[in-house]
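Enquirer: Could you have a look at this structure, given as structure tokens, before my questions?
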Amino acid sequence: MQLTRCHPFLVQMFCGEIVALKNEQIPSIRRLATLADVEAAIPQALSNGSFVFADIQNNQVDAAGLAILQFLAAKGEGKIVSRETILQAFPDDFDAVGLLRQRELIEEVGDGYCFQVELMRRWFARGVR
């Protein structure tokens with residue numbers, strides 16, 4: 001639930017990946033999903049759900065928004081980046097933050113911003129490497 005923030009498509013897709021992973025295991029451990037199973041399903045979920053993530057990246061945000069998403073993603077899981085830090089890094093593009101909030105990709109927390117959905121953050125972090 002922390003990875004998907006209860007987003008219906010992401011929950012279904014991610015659970016499907018866990019089921020596929022568990023179905024490959026021996027019967028004695030197949031019926032109980034562990035944290036290790038959840039973590040092991042993440043790369044496949046990112047791959048098989050790439051059309052959703054790529055649509056956001058290619059069609060729903062502009063270049064400034066993409067740069068901000070990648071900047072936030074690189075900070076790590078659950079990290080809140082201050083408004084000031086974003087303004088310093090993107091002085092001419094801070095308006096893009098409003099669109100990212102409207103699209104519910106990021107949220108305001110105190111005086112900063114973070115990703116709403118961890119799986120989304122992991123997708124955008126992949127492009128930073």
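The values are calculated or read from the model by the stated rules, or taken from the named source; none is laboratory data. Note that the structure is predicted; figures quoted are calculated from it, not measured. Note that we place each Cβ from the backbone using ideal geometry, even for glycine, and neighbour counts take in every protein chain shown. Only protein heavy atoms, including side chains, enter the accessible area calculation; ligands, DNA and RNA are left aside. Shrake-Rupley method; radii C 1.70, N 1.55, O 1.52, S 1.80 Å.
Enquirer: Give the accessible surface of the chain per residue, rounded to a whole number of Å², with probe radius 1.4 Å and ligands, DNA and RNA excluded.
Expert: Dividing the accessible area of the chain by its residue count gives 59 Å².
Enquirer: Beyond 13 Å, what share of the Cα-Cα pairs of segment 18-60 is found? Please give it as a whole percent.
Expert: 59 percent
Enquirer: Give me the percent of accessible area attributable to carbon and sulfur for the chain, probe 1.4 angstrom.
Expert: 51 percent
Enquirer: A further question follows. Quick one: if you take sqrt(5λ) for each eigenvalue of the C-alpha gyration tensor of segment 60-129, what semi-axes come out, biggest first, whole angstrom?
Expert: Whole-Å semi-axes of the equivalent ellipsoid: 15, 13, 12.
Enquirer: A further question follows. Please turn the phi angles of segment 89-102 into ³J(HN,Hα) values with the Karplus equation 6.51 cos²θ - 1.76 cosθ + 1.60 (θ = phi - 60°), one per residue in order, whole Hz, x for glycine and proline.
Expert: Result, rounded to whole Hz: 6, 9, x, 9, 10, 4, 4, 4, 4, x, 5, 5, 5, 4.
Enquirer: Using a Gaussian network model of the chain with C-alpha springs under 10 Å, which one of 107, 118, 24 is most mobile by mean-square fluctuation?
Expert: Checking each option, the largest mean-square fluctuation is seen for 24.
Enquirer: Here is a further query. Can you give the angle from 0 to 90° between the axis of helix 8-23 and the longest principal axis of the chain, with both taken from C-alpha atoms, to the nearest 10?
Expert: Approximately 40 degrees, to the nearest ten.
Enquirer: Now a separate question. Run a plain Debye calculation on the chain (Cα atoms as equal point scatterers, no solvent) and give log10 I(q)/I(0) at q = 0.14, 0.18 Å⁻¹, rounded to two decimals, same order as the q list.
Expert: -0.63, -0.94
Enquirer: Label-point separation (nm) for residue 33 and residue 54, each offset 7 Å from Cα along Cα-to-Cβ?
Expert: Placing both labels 7 Å along Cα→Cβ, they lie 2.5 nm apart.
Enquirer: Average the reciprocal distances over every distinct pair of alpha-carbons in segment 1-72, invert the result, and give the Kirkwood radius in Å.
Expert: By the Kirkwood definition, the hydrodynamic radius is 13.7 Å.
Enquirer: What residue among 76, 98, 110 shows peak mean-square fluctuation when the chain is described by a Gaussian network model with Cα springs under 10 Å?
Expert: Top of the fluctuation ranking is 110.
Enquirer: Here is a follow-up. Just to be sure I understand: with springs between alpha-carbon atoms less than 10 Å apart, which residue in 44, 116, 70 has the highest mean-square fluctuation in the Gaussian network model of the chain?
Expert: 44
Enquirer: Looking at segment 26-89, which GluC sites (Glu not before Pro) are DSSP coil and have at most 16 other C-beta atoms within 10 Å of their C-beta?
Expert: Sites meeting the loop and neighbour criteria: 77.
Enquirer: Mean separation of Cα pairs under 8 Å and 6+ residues apart, divided by the residue count of the chain: what relative contact order is that in percent?
Expert: Relative contact order for the chain comes out at 28 percent.
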